[in-house]
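Read-outs: derived from the displayed coordinates by stated rules, not from any lab. Because the structure is predicted, anything quoted here is derived from the model rather than measured. In this analysis, Cβ positions are derived from the backbone assuming ideal geometry, glycine residues included, and neighbour counts consider all displayed protein chains.
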Amino acid sequence: MHRENSTSLFFTKFSVQRLTALTVLTGILLWYCGCTSFNGTRLEPFLGGETDLIQLSYSIADHLAERTMPPMIPHQPEMPVLVTTFVDNNDLEQTSHFGRVLQEHITSRLVQLGYTVREMKLANTLHIEPKSGETILTRDLSQLSAGQQAQAILVGTISRSDRILYISARLINPVNNNILATDDYRLCMDDNILAMFRLQRQDAIDTPIAEPARPILNSIL
């Protein structure tokens, strides 16, 4: 009897240890991968999460500032960095709420890093599409350089395929149109981002589960 109790206690402790280890491992994986890694998968209703657009924008600004060659110079009021609205890669005149949010937060981060950032909407020499925000692309840089002094211009495009967004950001030299630095991201659109595009997610969990087909043997009998 005593031996059986000891064996049972051993397996109980072993099971608790395994459960604890599994819980810790799951927590580490969730922390490392991030909840947004589960977006677009069957686990999204349970483990999915929203993309932190502020952190995403800050990462874009940080990476571009670090990779720029030659480096940008901070604290230069007469040589600002111009940040444009991210536009649709299939329609370069089309912007979105999402693209304007990226622009705002990237601007904030560059200012935090010490760079002078000029507000695009305050520049009379720039063309502004009504209700679309400010857009400047490579084809417009020659017109810009004549009326604006800037050490770099940040432009970005967004491509959408179903729920996947491909984000590309570039720092461009306004004098010769050379690309100084690039940064690319791929993310699955969560409910918050979908709303910015006036879209809505179709949850597989809300779809009625079809009745499984009956075996042929049942129909015979």
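Key figures for this structure:
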quantity: Amide proton proximity set for Asp190, modelled H, under 5 Å, gap of 5+; calculated: Thr51
quantity: Placed amide H near Val87: partners under 5 Å, 5+ positions off or other chain; calculated: Gly156, Thr157, Ile158
quantity: Ranked Val111, Val155, criterion: other C-beta atoms within 10 Å, fewest first; calculated: Val111, Val155
